[in-house]
Amino acid sequence: MTSRQRVLAAINHAEPDRVPIDLGMHTSSGISVFAYDALRKYLGVSENERIRIRDYVQCTAIVEEEVLKRFHCDCVALCPVPDETRVWRPRGDYNFTAPFCFDPKLNEKKEWVVRHEGRSMRMPDGGFFFDGDWITIEDRWSVEALGAYVKEAERIFKDTEYFTALIGLSALYGSSLDYFCTMYTDPDAIKEDCRIGLEEELAKCGRVIDMFGETIQMVCMGGDLGTQTAPFCNPELFGELVAPYLKKLCGFIHANSDYKIYLHSCGAVEPFIEIFADCGIDVLNPVQISAAGMDPALLKRKHGDKITFWGGGVDTQNVLGAGNEADVRENVNKLVNIFKPGGGYVFCPVHNIMGDVPPENFVAAYDEAYRVSGY
């Protein structure tokens with residue numbers, strides 16, 4: 001099977017020739033530029049190329065095809081090269097390329113700080129990502145920017161066999177504590193917010209379908225609904241206030257395209273999965289197996305025929321960075337063998353690979369995933 005066929009078969013709950021593998025298609029399935037720098041040196045590949053920053057809040061990398069092929073990856077990021085770039089040297093011999101709009105400054109505490117329109121985020125000395133406000137400076141939905149994405153999608157579709165997706169749609173709900181409190185204090189305001197958001201997203205989705213056509217296979221939306229220990233809000237209330245609008249949005253996408261729909265939602269979200277599936281969500285990421293109620297065997301048994309799990313392939317909180325290579329292989333082996341029966345599974349770790357993960361552990365995870373991926 002080609003990579004594209006393999007991923008689509010898995011999402012359609014058929015068993016492909018093997019479990020598809022992802023590294024960095026989504027901004028939550030990637031690898032820190034710091035860990036990627038160590039990985040490239042460890043592998044001895046691409047040493048003459050400067051690493052491109054894909055997401056400058058989380059500081060994840062654009063993974064080059066040489067590395068994608070080495071680890072049998074089936075997906076690729078839809079991320080055109082920006083017209084203008086700058087070089088960012090955060091410390092030591094790290095040397096990254098970033099969009100020109102990304103312009104961090106060092107303060108007196110040796111923290112890297114980004115400020116934009118009254119908001120700010122910072123990376124402490126020795127840090128691996130930015131914290132504070134989640135700042136997005138570029139307008140991905142401008143005519144010019146969207147045109148660059150269309151051109152890159154056409155290249156991927158015609159010149160490669162990779163599966164790719166467009167990121168950036170809204171799932172119509174907020175992820176702040178104020179938003180979840182408003183569900184209780186003013187439910188009508190939530191409904192009105194969803195109604196307005198639905199109109200905006202329907203127009204946006206219509207443009208995407210018209211412009212991209214068959215060159216992408218999936219659209220991605222996101223919104224966190226879980227903490228480490230519990231959902232952020234009552235799932236029944238979410239089902240009453242938000243789900244009807246989300247269902248209309250997913251229905252429009254499915255009725256007017258062949259696109260799959262991917263939802264990123266961190267944390268203890270098991271109580272929402274039936275609602276997601278009923279709304280028309282095809283794929284759930286990152287499958288945070290270390291959160292309460294997210295036991296992999298339970299997820300597969302209860303929801304595995306309704307939704308595709310994209311992630312959950314190695315525990316990034318407790319194993320990938322903290323264990324040794326044997327621990328990592330054991331964890332991956334166990335999880336892949338739980339999730340893979342019957343399709344409905346794409347391998348990647350739980351969220352991004354952090355900057356201090358040893359390259360040996362990364363290699364152990366991805367090599368073990370491929371070793372046990374066959375059906």
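The values are calculated or read from the model by the stated rules, or taken from the named source; none is laboratory data. Since the model is a prediction, treat every value here as computed from it, not as a measurement. Note that we place each Cβ from the backbone using ideal geometry, even for glycine, and neighbour counts take in every protein chain shown.
Go through the stretch 158-187 and report how many residues are crowded, with 16+ Cβ neighbours inside 10 Å, part of a loop (DSSP other than H, G, I, E, B) and modelled with pLDDT of 95 or more.
Residues flagged as crowded, with 16+ Cβ neighbours inside 10 Å, part of a loop (DSSP other than H, G, I, E, B) and modelled with pLDDT of 95 or more within the stretch 158-187 amount to 5.
Please go through the stretch 216-246 and give me each residue that is assigned to a helix (DSSP H, G or I) and either closer than 19 Å to VAL283 by Cα or in contact with a strand residue (DSSP E or B) (Cβ under 6 Å, 6 or more places away or on another chain) (or both), ordered by number.
Passing the criteria: PRO235, PHE238, GLY239, ALA243, PRO244, TYR245, LEU246.
Between residues in the stretch 150-162 that are under 19 Å from GLU64 (Cβ atoms) and in contact (Cβ under 8 Å) with a residue 24 or more places away in the chain and residues that are polar (S, T, N, Q) and surrounded by fewer than 18 Cβ atoms within 10 Å (Cβ to Cβ), which pairs lie under 9 Å by C-beta distance while being six or more apart or on different chains?
From the stretch 150-162, the pairs are GLU161/THR2; GLU161/GLN5; TYR162/THR2.
Conditions first: (1) crowded, with 16+ Cβ neighbours inside 10 Å; (2) of a type in the set (Phe, Trp, Tyr); (3) closer than 21 Å to ALA77 by Cα. TRP112 passes all but one, so which condition is the exception?
Against the list (1) crowded, with 16+ Cβ neighbours inside 10 Å; (2) of a type in the set (Phe, Trp, Tyr); (3) closer than 21 Å to ALA77 by Cα, TRP112 comes up short only on (3).
Within the stretch 2-20, track down each residue that is assigned to a loop (DSSP other than H, G, I, E, B), surrounded by fewer than 19 Cβ atoms within 10 Å (Cβ to Cβ) and not polar (S, T, N, Q).
Correct list: HIS13, ALA14, GLU15, ASP17.
Quick check on my filter: what residues within the stretch 84-94 are surrounded by 10 or more Cβ atoms within 10 Å (Cβ to Cβ) and part of a loop (DSSP other than H, G, I, E, B)?
Scanning the stretch 84-94 gives PRO90, ARG91, TYR94.
Has the stretch 41-49 got at least one residue that is buried (at least 20 other Cβ atoms within 10 Å of the Cβ) and either part of a strand (DSSP E or B) or among the aliphatic types (A, V, I, L, M) (or both)?
No: zero hits.
Results for (1) of a type in the set (A, V, I, L, M); (2) closer than 23 Å to ASP224 by Cβ; (3) modelled with pLDDT under 95, shown as yes or no for each residue.
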| site | (1), (2), (3) |
| --- | --- |
| CYS59 | no, yes, no |
| VAL63 | yes, no, no |
| ARG91 | no, no, no |
| PHE130 | no, yes, no |
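Name the one entry in ALA255, ALA243, ALA291 that is aliphatic (A, V, I, L, M), surrounded by fewer than 23 Cβ atoms within 10 Å (Cβ to Cβ), out of contact with any Cys (no Cβ under 9 Å at 6 or more places or on another chain) and at negative phi.
Residue meeting the stated conditions: ALA255.
Determine the pairs where a residue that is basic (Lys, Arg), located within the stretch 339-368, has a partner that is outside any helix (DSSP H, G or I) with Cβ atoms under 6 Å apart, the partner being 6 or more residues away or on another chain.
Going by the 6 Å Cβ cut-off, the qualifying pairs are LYS340/VAL19.
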